[in-house]
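Here is the structure we will look at, set down as structure tokens.
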Amino acid sequence: MSTLLEQIDALTSESLAEASALADVEALDVYRLKYLGRKEGLLSRILMSLPRLTGDEKREVGKRANALKVAIESAVARRRQVLDDVRINAELSQSKIDLTLPGTPVVRGGLHPLTRVMEEITDVFIRLGFSVAEGPEVETDDNNFTSLNHPPDHPARDSHDTFYLKEFTDGAGRPLLLRTHTSPVQIRYMRTHTPPVYIVAPGRVFRHENVDATHSYVFHQVEGLAVDTDISVADLKGVLTLFAERLFGGQGTVVKTRFRPSFFPFVEPGLEMDISCTLCGQKGCRVCKGTGWVEMLGSGLVHPNVLRAAGCDPEKYSGWAFGIGVERVAMFKYGVDDMRLFYENDIRFLENFA
Ligand code: PHE
């Protein structure tokens, strides 16, 4: 028995000495098998003579053999840790990646300011329960003018500077045109829906105007239309004032509105809404031209002739409508004084809104 113990002790010092010299992970596996392998391992071989010992001796040898096993396992674990560290450090010192360098910036785009303002305006009305409607940019003379209470020779047609598509005509032989406002959507919608109607219609419109800082051939409007029983000017004022507060107010900015009588053939009475200049707090500035007020939109109660033309009984229903100039709102909101900037798509300009 003493020789067995001596053999185990010898094996212990031999194996532990060997462990610290193991050069790689594969060698660790070979090493483990060499000492602890079930059949061929050196410890198993020594223990083959175990059955010849007495009970006490067996216990003593068993204990020591177990200690050897534990010692070898932990030597393997320690060595594995050392080898891993060496490998990782070698990899790190060789790699060319400088983790302290800043990353490649991701350039983020943004919606065009006009798209943004148009969506903001539309959103205010969606929250108030309005739906979104759309109409085509090429319109009939009837939808753009006649049904909107501009009879064929009405002088108000002149003020619209219309682009006509001479080679294309409608069923009545009248040339089609590029819509000069979003109001024809009122007609289209009323003809296909029965009241109550609460819609907004954002879109592009066209006028053959002299282009300058506040005029363009193409611009944008958001039309609004409410048709129901018992509609009054009070509804119009209430909703449009709320709209102005939602769009321009908040964070301590108070927005006031005022309504001035105005003329549009398709409404009666017609009202233009001004809002208090939030840029100068009504002290007077370049944008409000010293008046403290900025013109925001045209509106009014829908003319009975329009209701009739669109198939709505004016005895039963009444309505109000408005048309907001998107460019005008965007210029005011962002303090832009030349409308042409919105169409040039100069990236230096657009980046301010990203
Ligand atoms: N369509 C009118 C315009 O383009 C605006 C407007 C719409 C006015 C609805 C009153 C009611 O000038």
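The values are calculated or read from the model by the stated rules, or taken from the named source; none is laboratory data. In this text, all values refer to a predicted model and were calculated from it rather than measured experimentally. So basically every Cβ, Gly included, is an ideal-geometry build from the backbone, and we count neighbours across all protein chains shown. Ligands, DNA and RNA are excluded from the accessible area calculation, which covers all protein heavy atoms including side chains. Shrake-Rupley method; radii C 1.70, N 1.55, O 1.52, S 1.80 Å.
Here residue 223 qualifies as within 20 Å of residue 329 (Cα to Cα) and within 13 Å of the ligand (Cβ to nearest atom). A residue that is open to solvent by 40 Å² or more (accessible area, probe 1.4 Å) and without any contact (Cβ under 8 Å) to a residue 24 or more places away in the chain occurs somewhere in the stretch 223-235. The C-beta contact set for the stretch 262-279 (first residue more than 20 Å from residue 247 (Cα to Cα) and within 10 Å of the ligand (Cβ to nearest atom), second residue open to solvent by less than 20 Å² (accessible area, probe 1.4 Å) and among the polar types (S, T, N, Q), distance under 8 angstrom, 6+ apart or interchain) comprises 266/183; 266/186; 267/299; 270/299.
Tell me the residue from 172, 156, 133, 90 that is modelled with pLDDT of 90 or more and small (Gly, Ala, Ser), please. Criteria check complete, one pass: 133. Every residue in the stretch 135-194 that is within 19 Å of residue 216 (Cβ to Cβ), open to solvent by 50 Å² or more (accessible area, probe 1.4 Å) and in a loop (DSSP other than H, G, I, E, B), please. Across the stretch 135-194, the qualifying residues are 137, 161, 163. Taking each residue of the stretch 295-323 that is charged (D, E, K, R) and looking for partners that are open to solvent by 10 Å² or more (accessible area, probe 1.4 Å) and more than 15 Å from the ligand (Cβ to nearest atom) with beta-carbon atoms closer than 8 Å, six or more apart or interchain, yields 308/314; 316/229. Checked across the stretch 280-289, the condition of being within 16 Å of the ligand (Cβ to nearest atom) and either open to solvent by 20 Å² or more (accessible area, probe 1.4 Å) or in contact (Cβ under 8 Å) with a residue 12 or more places away in the chain (or both) holds for no residue. Cβ-Cβ contacts under 6 Å between residues 6 or more apart (or on different chains), taken from a first residue in the stretch 10-37 that is closer than 16 Å to residue 81 by Cβ to a second residue that is at pLDDT 85 or above and among the hydroxyl-bearing types (Ser, Thr, Tyr), are listed as 22/31. If the condition is being open to solvent by 30 Å² or more (accessible area, probe 1.4 Å) and either on the phi > 0 side of the Ramachandran plot or within 13 Å of the ligand (Cβ to nearest atom) (or both), then the stretch 195-214 contributes 204, 207, 209. Residues in the stretch 321-339 that are open to solvent by 40 Å² or more (accessible area, probe 1.4 Å) and either within 19 Å of residue 181 (Cα to Cα) or part of a helix (DSSP H, G or I) (or both): 328, 333, 334.
Please verify whether residue 286 is at pLDDT 90 or above and in the same structural domain as residue 144 (by TED's automatic domain parsing), treating the condition exactly as stated. For residue 286, the condition - at pLDDT 90 or above and in the same structural domain as residue 144 (by TED's automatic domain parsing) - is not met. Might you check whether a residue that is among the aliphatic types (A, V, I, L, M), within 29 Å of the chain's Cα centre (by Cα) and under 23 Å from residue 336 (Cα atoms) occurs anywhere in the stretch 172-193? No, that holds for no residue. Residue 92: exposed (fewer than 15 other Cβ atoms within 10 Å of the Cβ), outside any helix (DSSP H, G or I) and aliphatic (A, V, I, L, M), yes or no? Judged against the criteria, residue 92 is not a match. Can you name every residue in the stretch 42-69 that is open to solvent by 70 Å² or more (accessible area, probe 1.4 Å) and either farther than 15 Å from residue 9 by Cβ or polar (S, T, N, Q) (or both)? Selection gives 45, 48, 51, 52, 54, 56, 58, 59, 66. Counting only residues that are surrounded by 12 or more Cβ atoms within 10 Å (Cβ to Cβ), in a helix (DSSP H, G or I) and among the hydrophobic types (A, V, I, L, M, F, W, C), the stretch 11-29 holds 6 of them. Out of the residues in the stretch 290-320 that are outside any strand (DSSP E or B) and within 11 Å of the ligand (Cβ to nearest atom), which is most open to solvent (accessible area, probe 1.4 Å)? Looking at the filtered set, the residue picked out is 303. Within the stretch 104-126, identify whether any single residue is in contact with a Ser or Thr (Cβ under 8 Å, 6 or more places away or on another chain), buried (at least 20 other Cβ atoms within 10 Å of the Cβ) and under 25 Å from residue 324 (Cβ atoms), and answer yes or no. No, the stretch 104-126 contains no residue that is in contact with a Ser or Thr (Cβ under 8 Å, 6 or more places away or on another chain), buried (at least 20 other Cβ atoms within 10 Å of the Cβ) and under 25 Å from residue 324 (Cβ atoms).
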